[in-house]
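Trainee: Below you will find the structure I want to go over with you.
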Amino acid sequence: MAVSTLLHELGDWSTGDGPLYQRLANSLRGAIGRGAFGTEAKLPSERDLARLLDVSRTTTSAAYGLLRRQGVLASQCGSGTRLVGTSRWAGPQVPGAAMTPTKLLSEPLAGTIDLSTSSISGLPDLSDEQLGISADEIRHLAAGTVYEPFGLPALREAIAVRYSELGLPTTSDDVLVTSGAQQAVSLLFSLFGRDHGTIVTENPTYAGAIDAARVAGATMIGLPIDEQGIKLRPLREIIDNSTVRLVYLMTTCQNPTGAVMGSARRHDIARLAESTGTFIVDDTSLADLVLDRTSHAFLASADSSTIITIGALSKLLWAGLRVGWIRAPAHLMARLARLKVISDLGSSHLSQILAARLLPTIEDTIAVRRSQLNERRAVLSGLLGTELPDWSWSQPAGGPFLWVRLPSSQAEAFARVALNHGVRVLAGTRSSPDETFGCHLRISFVVEPDELRVAAHRLCQAWTELRSSGKTARVAMDIVV
C-alpha cells in the first residue's frame, strides 16, 4: 500500500477524544474493518508509521500494543506486525476507492462544502410533465417479467437518435444501458482487464477508472498528457511494444484537467486504433460541459470496429440519476450484457423511463449548465487568484474542475486540513494510476457562487494553517502490506 493511500485510509485520525495513541488505534481498527488491510496483511513498522504520521514512536508503539491486546494485531521479531486472521476485524482486502463517494466511509462535518464532486448542484428548469412518470407507465412495466439487461428499448432508441443527430450514426442495437457511467467503466475493465490485462489511461485520469481497474485486477499504465489530452507518440510506442488490451481516454473535457482534444489528434488516434486492432474507450460523460465552444466531436465513427463510447446523464441532471450507456461494436455487446446480468440483471426501469423522456430536450439543459459553469468558473478562478496567488492552473476548456498546482507536494496533507476547515477537495494523487501529482488538487466549481466564495476563504485559511505549521511534504514510498 502506497503512503498516500494509507494516509487517505486513516483520514483525520488525530481528532477526537482520548489519548493520541488511542485515536490512532481506533483509526487503524476502522481501516482494517473496512477492508483496507486483508487477512494476514503486514502493517508498517512502528518506526515507519511514526515517521509517516509525524508523531513519536511512543504513540505508534502504544497504538499497536492496544490492538495486540484486543487481538487485532500480532507481532513477531523478524516478521513485523500483521493482522490476526482469526480476528473479528479480519477479512479479504477491498481496494480503497479513489473517488470521493468514499464519503460513505467518512461523513463530512455539518456545513462542509464539497468541491470534490463533478455533479452540478440544483436541478435545471424542468417541467412537471418532463419529471413525472404516470401510473399507467408503471403498470405497463410491472406487467412484464423481464429485466431488459440491454436497457429499455425506448431509451436505447433515444440514445441512438441523439448520437445520430450529433453526427455519429447509431442504432439501438449499438447501445447498452448501464447504471451510470461508473458501471460502464467497470464492465469494460472487467471484460478487458481480467488476468492482469493491461489497460492504458491518461495520467492524470478519472479516479473512478482507477478504482475499476483495481477491482478488475488489471495492470494500469498511465501516459503523459498535454493541453489536448493523451500524447500520440507515447501511446503508439506502448501499443507497438506491449500487449495492450484497452485504452481508456476522455477526449472531451478530460477529467481532471478539462482538456479538449483537437480534431487532428482524434483522427490520428482513431486511425491507430483501427490499424492495430486496439480497443479504445472514449468516455464522454463530461463532453456536454464544453465551456468555450459548443461543437460535438467523437473519436468513434460509423464504421469503427475498435472504438467504444461511454455517455451518462448524471453530470447534466443530478448525481442520483444513475443512467449511463455504452456505444460499442456489435461483437462486444453480448459479452458486456452477460457481465451486466451478473452485476445487476438490469438497470432500474423507472430511471430509464425518466431518462428517455429527458433526452429529446437535453440541449436546453446543456445550455443552462454551460451558463452556470462559465459563471462559477470565473468566480472560483477570480477568488483563488486573489486569495491564493502562489497557486497556479490553466483555464479548463470544459468540465467542472480546476486542476490546481501547489508550490509544493502537499496536496494530500492540504486536503485533510481543508476538510477540517469545512471544504472537501480531491488530492491529485487520487487521479493518478501511479499516485504522482502530489502537488495538484482537483477543485470543482459545481456549487452555487455564494458557496464558492465561502469555500475559497476557507481554502485560504487552510493553506495558511498548513504553511505556518512548518510541516514539509513527505517523500512517497511504498509500504508492503
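Trainee: Quickly work out the Val215-to-Ala135 label distance, labels modelled 7 Å from Cα along the C-beta direction, and quote it in nm with one decimal.
Mentor: Here the modelled spin labels are 3.8 nm apart.
Trainee: Still on this structure: Report, in whole Å, the centroid distance computed from the Cα atoms of the range 201-229 and the range 235-287.
Mentor: For the range 201-229 versus the range 235-287, the Cα centre distance is 12 Å.
Trainee: Could you state the angle between the C-alpha long axis of helix 180-193 and the longest principal axis of the C-alpha atoms of the chain, as a value from 0 to 90 degrees rounded to the nearest 10?
Mentor: Between helix and principal axis, roughly 80 degrees.
Trainee: In Å, what is the Rg of the alpha-carbon atoms in the range 179-225, and how long is Dmax?
Mentor: Cα-based Rg and Dmax for the range 179-225 come out at 9.9, 30 Å.
Trainee: Just subtract the alpha-carbon distance of His296 and Glu363 from 0.36 nm times their residue separation and send over the number in nm, one decimal.
Mentor: Numbers: separation 67, 0.36 × 67 = 24.12 nm, distance 1.18 nm.
That pair, His296 and Glu363, stretches by 22.9 nm at full extension.
Trainee: Further, regarding this structure: With N denoting the number of residues in the range 145-254, provide Rg(C-alpha) divided by 2.2 N^0.38 Å, to two decimal places.
Mentor: It is 1.22.
Trainee: What does the accessible area per residue of the range 4-59 come to in Å², with a 1.4 Å probe and no ligands, DNA or RNA counted?
Mentor: 43
Trainee: Please find the FRET efficiency linking Ala264 to Ala142, where r is the Cβ-Cβ separation and R0 is fixed at 45 Å, and quote it to the nearest 0.05.
Mentor: Numbers: r = 51 Å, r/R0 = 1.14.
E between Ala264 and Ala142, to the nearest 0.05, is 0.30.
Trainee: Another one. If the chain were replaced by its equivalent ellipsoid, with semi-axes equal to the square roots of 5 times the Cα gyration tensor eigenvalues, what would those be, largest first, whole Å? Could the numbers behind the result be given before it?
Mentor: Numbers: eigenvalues 297, 140, 110 Å².
Value: 39, 26, 23 Å, ordered largest first.
Trainee: Here is a further query. Leaving out ligands, DNA and RNA but keeping every protein chain, what accessible area does Ser304 have, in Å² rounded to the nearest 10, with a 1.4 Å probe?
Mentor: 20
Trainee: When each pair of different Cα atoms in the range 185-320 is counted once in the 1/r mean, what is the Kirkwood radius in angstroms, to one decimal?
Mentor: One decimal place: 15.0 Å for the Kirkwood radius.
Trainee: Give the long-range amide H neighbours of Val423: residues separated by 5 or more places, or on another chain, with amide H under 5 Å away, using H modelled in the peptide plane at 1.01 Å from N.
Mentor: Ile113
Trainee: On to the next question. Under 13 Å from the Cβ of Leu152, count the other residues' Cβ atoms, weight Lys and Arg +1, Asp and Glu -1, and hand me the total.
Mentor: -1
Trainee: Using 1/(1 + (r/R0)^6) with R0 = 41 angstrom and r between the beta carbons of Ser172 and Gln70, what's the FRET efficiency to the nearest 0.05?
Mentor: Numbers: r = 57 Å, r/R0 = 1.39.
Rounded to the nearest 0.05, the efficiency is 0.10.
Trainee: In degrees between 0 and 90, to the nearest 10, how far off the longest principal axis of the chain does helix 349-358 point, with axes built from Cα atoms?
Mentor: 60
Trainee: Next up: Just to verify a number: what accessible area does Trp13 come out at with the full protein assembly present, 1.4 Å probe, Å² rounded to tens?
Mentor: 30
Trainee: Determine how large the accessible area of Met220 is when every protein chain is in place; take a 1.4 Å probe and give Å² rounded to the nearest 10.
Mentor: Surface accessible to solvent at Met220 totals approximately 40 Å².
Trainee: To the nearest 10 degrees, how steeply does helix 20-34 sit against the main Cα axis of the chain, on a 0 to 90 scale?
Mentor: Once rounded, the angle reads 40 degrees.
The values are calculated or read from the model by the stated rules, or taken from the named source; none is laboratory data. The shown structure was predicted, so the numbers you read here are calculated from the model rather than taken from an experiment. Quick reminder, even Gly has a Cβ in these numbers, built from the backbone with ideal geometry, and neighbours come from all protein chains shown. Accessible surface areas use protein heavy atoms only, side chains included; no ligands, DNA or RNA. Shrake-Rupley method; radii C 1.70, N 1.55, O 1.52, S 1.80 Å.
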